[in-house]
Amino acid sequence: MLVNILILNNKINKVNNEMEKYETMIGLEVHMQINTKSKIFCECSTDFGCQPNSNTCVICTSQPGALPLLNKQAIEAVVKTGLALNCKINVASNFSRKQYFYPDLPKNYQITQFSLPLCYNGTLKFIYKDKEKIINIQRIHLEEDAGKLIHKDNYSLLDLNRAGIGLMELVTSPELHSAEESFIFLNTLKDIVEYLATSQCNMEQGQMRCDVNISIRQVNQQTLGTKVEIKNLNSISAVQDAINYEYARQIKTLTDGGKVVQETRAWDSKLNITKSTRPKENCLDYRYFTEPNLIPLNLNDTLITKLYKEIPELPYLRKQRFMVSYQLNAYDASYLTSTKLLADYYEKAVKFSKNNKIAPKLLANWIATELISKLNVSKLNIDKSPVTSENLAKLIDLIISGKISGKIAKQIFVEMYKTSIDPVTLINKMNMKQISNESIIIALCNESIKENSKAAFEFQTGKVKAIDYIVGTVMKKSKGKANPQLVVKIIKELLKNSVNKI
Amino acid sequence: MVLKMNNIINTSIKNLYLNMNFGNVKSVDIINTYITHIKQLNLKLKAFVYLNETASIHLAEQIDKKIQNGEHIELLAGIPIGIKDNIMIQNEPMTSASKYLLNYIAPYNATVINKLKKINIICIGRTNMDEFAMGCTTETSIYQQTVNPWNFEYIPGGSSGGSAVAVSAGMVPIALGTDTGGSVRQPASFCGIVGYKPSYGLISRYGICALASSFDQIGIFAKSIQDTVSLASHLIGYDHRDPTSEKINCFKECNLSTYNRKNFIIGIPKQIMNFNIDKEILQLFNEAINKMENIGKLKIIEINVPAYKYVSALYKVIMCAEVSSNIATFDGIRYGYRSHKGFDLNDVYSYSRAESLGYEVKKRIMFGTYVLSAQNYQKYYYQAQKVRTILIEQLQDAYKKCDFIFSPAVLQMPVKLGEMLSDECDIFLIVANLAGLPGITVPYAFTKYLGLPIGMHFMGSRFSDIQLLQMAYIFEQLSGFNASKYPDIK
């Protein structure tokens, strides 16, 4: 592995000078598992991690005489995704058979969409290097997933649990120019479909997979360079790595006087290289034809309008609104809108809070630091948070109104997380209420001044910061419960009085 | 009155049911009679490939008990039926007469089987067929050579030859077949019985081993139109498991005896004369036209369907294309025949398929693969679909002028075993499959030359099935064909 990295580094060094002469054209084919309970053409469950072949039936194992039974929710999910990505919708669309032999494909053809995809001509916007970028989406279509082969020494095992799960395949124009851009594109796309809840895009479960078409050409060249397809990348970072490798490899090939050949390559995630799997001459003829077992799809306007109305505010717009409405900086807004659940939690909390000036910012900080780190430790999603948005808002309000200090708030928060109890009840229960009774505080201050006579003297002789020692002592004595503002005020008065006495 | 064996076999299924209900005959006796009859005749005719004796008798006993207890039994309960070997019956073998599926046990019931079981019709056994229903002689079966019951030297027709022979010889009163390009109606004609293919979408295809999905339809064999209707009314209906199934219920009430003769208009495509029709068939056809004209009320007109001349070619292209894709699932991986020759995955595929699929199947796979390949798709498959649309439009125009299209069922008489039928033999039947129309062959006469039966074919507009059966009923009566005559089998 080390050797390979060295080779790659050498290659990059060599071609570094050449790089400026070339530009990269990248097109992506993204497969996302559609978020439905049952498979696309039968009633089997889509649950992940079940006993092999337990989620199968006569349809998804292709027994004789079985016919596909279309899951309408899958269609709605694709159309909704298309509408959110500004696609046009083919009101009349149909299904085709894509034919090739492989054991993970029980019918030896895949039901997919060919000539009439559900969605076409869309766009996806994102920010790259502070500029807005728009990538054209050629099509989004519906298809079924294949099963899984597990290869052993001299035999292979077949698990058909995944066979027949609905996928949407999104195809972009070759308009991306770097691994970094592709990375941002995919993350933006992932955020959007997660917002729509049309796919969960869970990478570990292979719910988002990607094919990359990449070619390079000299700057100012009109025609596209020779295209290489890298198949089956199962994470966004693998896409990035594969593009970087392939980019360097193609430039190296050209600068060495060679030619890039049109072929299919596979990403080897162990060696971090792409390997040729199929030259163009051997490309498969899929013999597409219209699936005779399914009647053409006809979507009515009512359904399309209904789906359009169901589209929530998307991350990009929500971020902008958070920055304006809640005075958040771009970083916080971006973080809080990264998933719909997080953004929903935040907004709910903001609405519960009685303070609308300081609370939004304070809530943002508390969620991003205290809450998320706790949730990460207990491996919980924000929607399962033991601290509800309402209770967090209450806690923040208590801080703002000066009823508790930030330090106490943190202690209470820990209890809230453990018990799910609201902060007011907890404060009473834990005897954490702030001490604002002046006579108690005056007594504590007098004690503390005596114990810190040096600091008191320094303060009186002009060293303002010295007061902190005395305040600290008071807070310690009160177990953090003394109202800090009041403590400072009283100490200052006491010291002033004693100066006067002198 | 106790029905004797001969009477049982000569009785319509409705009368059998009534006799059973009135205690004149026991269901067990009916089933035993038929089982004996099947066993006897099958030695010669080889129509059945599998007989479900124990289960059939057991079911018959249950029905008898119900009758004894005064419980209601459904119409047609206890009637035995022959099932073509490409329809799934749970826990029974389903082989499609192919070596590939010889050890296959069906894991579920086809929708039609569920419907039959619900009313306690007894699926007594499986009938022989061409391998995967590819053929028109029942000669490509892996099992045995089914013969024409009227002359054992001749083919029974196909692909549902076993079902046709079984009904024709009285081994069962009714049987199911599948009709992709005339596979029910052609053997029905060759064997002298009624063969009915409903409009595409009326009977669910769920659970029938697919040949060409856009043409396949379950069809019914019976001795009479009355029996055909009795059975059809139970099988027709929307099934959510078949996406091409239709919600139209055109079969609510179908009591033939209440029909009055209507003023039907019968169209004869003038293109019929462009085909090379057997002289005797043509003569009988013209005679039939005269008979219909003579009874009055029926009007005969000439219609024009120029696309008839492309029917054979476009059927072959589309059918083979779908075959090549449907049969791909038989790959030796999950079930069915697997060869142990070879080393890698491609060897598993090629040896398993090469060793288990027959010549006709391989021929159609290769032809279908060819017409769908990237360089031929436009030239053949796409072109054929375009012509199919034109044919359908021309037929729709024709049905504006007439109620039914009338033709001989087939262009030629059955050939001797081992001989070839002409490529265009079933052309008039295939039109119905290409356009999704209902078609029915009604036995008309025995030819003088061969002494074999021959049927005539009526084809209605889509979903005009009731009127079509009514027309067939009229024709059955005027044909003078003696349906109660059975072949003499010794």
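Per residue, segment A:244-359 exposes 58 Å² of accessible surface when a 1.4 Å probe is rolled over the protein heavy atoms with every protein chain present.
Shape analysis of chain B yields a ratio of the Cα radius of gyration to the Kirkwood radius, Rg/Rh, of 0.96.
Taking 2.2 N^0.38 Å as the expected size of a compact globular protein, what ratio does the Cα radius of gyration of segment A:313-430 give against it, to two decimals? Normalised Rg, Cα atoms only: 1.02. From largest to smallest, the equivalent ellipsoid semi-axes obtained for segment B:84-194 from the alpha-carbon gyration tensor read 22, 17, 11 Å. Normalised by residue number, the volume inside the convex hull of the Cα atoms of segment B:168-248 is 89 Å³ per residue.
Summarise the accessible area of segment B:9-139 (1.4 Å probe, protein heavy atoms) by the percent that is carbon and sulfur.
The value for segment B:9-139 is 50 percent carbon and sulfur by accessible area.
Working from the pairwise distances between different alpha carbons, so that the mean of 1/r is found and then inverted, what is the protein assembly as shown's Kirkwood radius in Å? That comes to 34.0 Å for the protein assembly as shown.
Heavy-atom accessible area with a 1.4 Å probe sorts A:Leu444, B:Leu101, B:Leu417, largest first, into B:Leu417, A:Leu444, B:Leu101.
Straight-distance candidates among the lysines for linking to B:Lys44, with alpha-carbon spacing under 18 Å and chain neighbours fewer than 8 residues away dropped: B:Lys416, B:Lys490. Remark: for residue pairs B:Lys223/B:Lys448; A:Lys39/A:Lys275; A:Lys340/A:Lys476; A:Lys418/A:Lys465; A:Lys21/A:Lys131; A:Lys88/A:Lys319, the C-alpha separation exceeds 30 Å in A:Lys39/A:Lys275; A:Lys340/A:Lys476; A:Lys418/A:Lys465.
Hey, if you drop one equal point scatterer on each alpha-carbon of chain A and run the Debye formula without solvent, what base-10 log of I(q)/I(0) do you get at q = 0.06, 0.07, 0.10, 0.12 Å⁻¹? Values returned for q = 0.06, 0.07, 0.10, 0.12 Å⁻¹ are -0.44, -0.56, -0.91, -1.14. Rg over Rh for segment B:5-256 works out to 0.94, both radii taken from alpha-carbon positions and Rh defined as the Kirkwood radius. Segment A:96-152 and segment B:385-453 have Cα centres lying 44 Å from one another.
Filter the cross-link list A:Lys374/A:Lys410; A:Lys37/B:Lys115; A:Lys348/A:Lys384; A:Lys354/A:Lys374; B:Lys99/B:Lys316 down to pairs whose alpha-carbon distance in this structure exceeds 18 Å. From the list (A:Lys374/A:Lys410; A:Lys37/B:Lys115; A:Lys348/A:Lys384; A:Lys354/A:Lys374; B:Lys99/B:Lys316), the Cα-Cα distance tops 18 Å for A:Lys37/B:Lys115; A:Lys354/A:Lys374; B:Lys99/B:Lys316. Think of a 1.4 Å ball rolled over the protein heavy atoms: chain B then has 37 Å² of accessible area per residue.
Between B:Asp347 and A:Ala368, what FRET efficiency follows from the Cβ-Cβ distance if R0 is 51 Å, with the result rounded to 0.05? Provide the component values of the computation, followed by the final result.
Working: r = 59 Å, r/R0 = 1.15.
Calculated transfer efficiency: 0.30.
When ligands, DNA and RNA are left out and all protein chains stay put, how many square angstrom of accessible area per residue does segment A:438-501 have with a 1.4 Å probe? Intermediate results must be reported in sequence, preceding the final value.
Values: 4000 Å² over 64 residues.
So segment A:438-501 comes to 63 Å² accessible per residue, rounded to a whole number.
Here B:Trp150 sits with roughly 50 square angstrom of accessible surface, probe radius 1.4 Å.
Go through segment B:369-414 and flag every residue whose accessible area shrinks by 10 Å² or more with all protein chains in place compared to the isolated chain (probe 1.4 Å). Residues passing the criterion (a loss of at least 10 Å², heavy atoms only) are B:Thr369, B:Leu372, B:Ser373, B:Ala374, B:Tyr377, B:Tyr381.
Protein heavy-atom surface of segment A:164-319, 1.4 angstrom probe: 49% of the accessible area is carbon and sulfur, with nucleic acids and ligands not counted. Solvent-accessible surface of protein heavy atoms, probed at 1.4 angstrom with all chains present, puts B:Cys136, B:Cys191 in the order B:Cys136, B:Cys191, largest first.
By the helix-only formula, in which each DSSP H run with n ≥ 4 contributes -39500 (n - 2.57) and the sum is divided by residues, chain A has a 222 nm mean residue ellipticity of -13000 deg cm²/dmol. By the beta carbon rule, with partners counted only under 4.7 Å, chain A holds these lone Cys residues: A:Cys42, A:Cys44, A:Cys50, A:Cys57, A:Cys60, A:Cys201, A:Cys210, A:Cys283, A:Cys445.
In segment B:393-487, what percent of the accessible surface is made up of carbon and sulfur (1.4 Å probe, ligands and nucleic acids excluded)? Spell out each step's value before the answer.
On the way: 1510 of 3170 Å².
Answer for segment B:393-487 is 48 percent, counting heavy atoms of protein chains only.
Shown for segment A:55-93: residues covered by the partner protein chains by 40 Å² or more of accessible area relative to the chain by itself (probe radius 1.4 Å), namely A:Val58, A:Gln63, A:Pro64, A:Gly65, A:Leu67, A:Leu69. Contact order, relative form, for segment A:260-404: 16 percent (alpha carbon pairs under 8 Å, 6 or more residues apart, mean separation divided by residue count). Summing +1 for each Lys or Arg and -1 for each Asp or Glu among the other residues whose beta-carbon sits under 15 angstrom from that of B:Thr138 gives -3.
Modelling each spin label as a point 7 Å along the Cα-to-Cβ direction, I'd like the A:Ser453/A:Tyr308 distance in nm, to one decimal. According to this spin-label approximation, the distance is 8.3 nm.
Taking every protein chain into account, the 1.4 Å probe leaves A:Cys57 with about 40 Å² of accessible area, to the nearest ten. With a 1.4 Å probe on protein heavy atoms only, work out how much accessible surface B and A bury together, total over both chains, in Å² to the nearest 100. Roughly 2700 Å².
What do you reckon, how do B:His72, B:His457, A:His177 stack up by accessible area (1.4 Å probe), largest on top? Write out the running numbers ahead of the final one.
Details: B:His72 140, B:His457 0, A:His177 65 Å².
Ranking B:His72, B:His457, A:His177 by accessible area, largest first, yields B:His72, A:His177, B:His457.
To the nearest 10, the accessible area of B:Lys363 is 100 Å² with a 1.4 Å probe.
Summarised in one figure, the compactness ratio Rg/Rh of segment A:361-502, Cα atoms and Kirkwood Rh, is 1.10.
Between A:Asp47 and B:Phe152, the modelled labels are 6.0 nm apart [label points 7 Å from Cα along Cα→Cβ].
Of the Cα atoms belonging to segment A:2-301, the radius of gyration and Dmax stand at 20.1, 62 Å.
Contact residues in segment B:94-128 (at least 20 Å² less accessible area with all protein chains than alone, 1.4 Å probe): B:Tyr104, B:Pro107, B:Tyr108. Extension gain, A:Lys72-A:Lys270: 0.36 nm per intervening residue step, less the Cα-Cα distance, totals 67.3 nm.
Going through the DSSP H helices of chain A, which span 24 Å or more along their own axis at the Cα atoms while scoring at least -1.0 as a mean Kyte-Doolittle hydropathy? Don't jump to the answer; show the numbers that get you there.
Details: long enough: A:2-19 (25 Å, 0.16); A:179-196 (25 Å, 0.43); A:236-255 (29 Å, -0.19); A:484-501 (25 Å, 0.06).
Taking the DSSP H segments of chain A (at least 24 Å long, mean hydropathy at least -1.0), we get A:2-19, A:179-196, A:236-255, A:484-501.
The values are calculated or read from the model by the stated rules, or taken from the named source; none is laboratory data. A quick note: this is a predicted structure, and the numbers were derived from the prediction, not measured. Neighbour counts are summed over all protein chains in view; Cβ atoms, including those assigned to glycine, are modelled from backbone coordinates with ideal geometry. Just so you know, the surface numbers come from the protein's heavy atoms only, side chains and all, with ligands and any DNA or RNA stripped out. Shrake-Rupley method; radii C 1.70, N 1.55, O 1.52, S 1.80 Å.
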